[in-house]
Amino acid sequence: MLKTKISKKNNNLLSLLSASLLSVSLLSSGLVNASQPTQLEQAITGEHRSDKNKARDDFRHPADTLAFFGFKSTMTVVEITPGGGWYTEILAPAVKGSGKLYGAHYPDTGEDNYYSNSRKRLEKMLAGNAIFSEVELTDFVPKKASALAPKGSADLVLTFRNLHNWGEEGIAQVFKDAFTALKDGGVLGVVEHRMPASQDWKMNKRSGYVPTKMVVQLAKKAGFVLAASSEVNANAKDNANHPKGVWTLPPVMRLGEKDKAKYLAIGESDRMTLKFVKPAHK
């Protein structure tokens with residue numbers, strides 16, 4: 001009888017040990033996840049994103065960039081001029097059902113111009129997939145005061161590679177608008193093509209690159225505090241000196257087949273990544 005009890009006890013221990021070893025094996029092999037993917041991770045890997053857009057993750061680093069800005073799925077987020085919606089494809093599902101996304105974009109004035117046509121294309125994209133059903137568009141007009149979102153409602157305002165389109169006056173106004181839209185303690189996240197300190201902004205305004213020093217100065221003038229900078233979107237291969245400015249590089253490749261291998265080897269532009277904070281009122 002004693003022998004039988006000991007045998008059963010040993011068998012139970014062996015079963016528990018085998019189950020534990022199997023769990024460890026599955027975890028290490030990747031067949032079982034230790035934790036479920038976050039809403040942001042699911043958005044980045046989602047089937048709604050094309051392979052072409054996903055391929056640019058290697059240059060745009062959406063997960064690391066948004067993490068640096070302190071993104072959470074429960075936030076109210078503003079994306080300024082979503083354009084073709086590359087980041088919107090990530091942000092919309094990443095906050096759906098738990099946060100809010102405003103797309104502050106050029107209004108459709110009914111004219112046949114870049115601004116109106118861009119708005120029409122964005123609206124068509126948003127209407128084409130239920131994953132964008134909670135996105136709310138607001139009107140943004142360069143160099144004019146714009147309500148990017150209800151005053152004091154946003155946790156995070158983002159602008160990706162847009163500043164070069166607006167010039168000094170436009171950047172200054174956008175930063176003022178962002179300050180108004182943000183809550184106290186809210187974050188303004190900026191990613192922009194970075195002009196080397198050795199280049200003259202006045203001589204190279206049409207290059208698509210912008211000096212970091214000027215961006216920081218204009219943000220501080222609007223009331224922001226520079227909280228941190230990151231090199232997550234840096235590219236040491238890019239010297240910011242190209243025949244057709246930043247558009248010489250991928251993904252635009254404005255020179256076409258000329259020196260194509262050279263510019264593909266450089267990759268996308270060197271970019272500043274800056275995190276500004278709206279100070280809390282004392």
Listed by first then second residue, the pairs whose first member lies in the range 172-191 and is at positive phi, whose partner is surrounded by fewer than 24 Cβ atoms within 10 Å (Cβ to Cβ), with beta carbons under 6 Å and at least 6 positions apart or on separate chains, are Gly185/Ala280
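Which helices (runs of 4 or more DSSP H) sit wholly inside the range 157-274 and have at least 1 residues that are basic (Lys, Arg) and loosely packed, with under 15 Cβ neighbours inside 10 Å? Full working, then the answer.
Working: elements: 167-181, 212-221, 260-266.
Counting at least 1 such residues, we get 212-221, 260-266.
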Cβ contacts < 8 Å: first residue over 15 Å from Val77 (Cα atoms) and free of Cβ contacts under 8 Å to residues at least 40 places away in the same chain, restricted to the range 139-163; second residue of a type in the set (Lys, Arg) and surrounded by fewer than 22 Cβ atoms within 10 Å (Cβ to Cβ), any location; separation 6+ or different chain. Result? Ala145/Lys176
Just wondering, is there one or more residues in the range 168-177 that are within 29 Å of Ala63 (Cβ to Cβ) and either in contact with a strand residue (DSSP E or B) (Cβ under 6 Å, 6 or more places away or on another chain) or not assigned by TED's automatic domain parsing to the domain that holds Thr76 (or both)? no
Go through the range 101-130 and report how many residues are in contact (Cβ under 8 Å) with a residue 24 or more places away in the chain, crowded, with 17+ Cβ neighbours inside 10 Å and assigned to a helix (DSSP H, G or I). 3
Restricting the range 124-153 to residues that are under 19 Å from Ala172 (Cβ atoms) and touching a Gly at 6+ places or on another chain (Cβ under 7 Å), which is modelled with the lowest pLDDT? Pro142
Boolean, Leu255 is at pLDDT 95 or above and closer than 13 Å to His193 by Cα: no
With the structure loaded, tell me whether Leu126 is farther than 30 Å from Arg206 by Cα and assigned by TED's automatic domain parsing to the domain that holds Glu47 or whether it fails that test. yes
Is it true that Ser50 is free of Cβ contacts under 8 Å to residues at least 40 places away in the same chain and more than 28 Å from Ser269 (Cβ to Cβ)? no
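The values are calculated or read from the model by the stated rules, or taken from the named source; none is laboratory data. Just so it is clear, the model here is predicted, and its values are computed rather than measured. Counting neighbours? That spans all protein chains shown, and the Cβs are built from the backbone with ideal geometry, glycine included.
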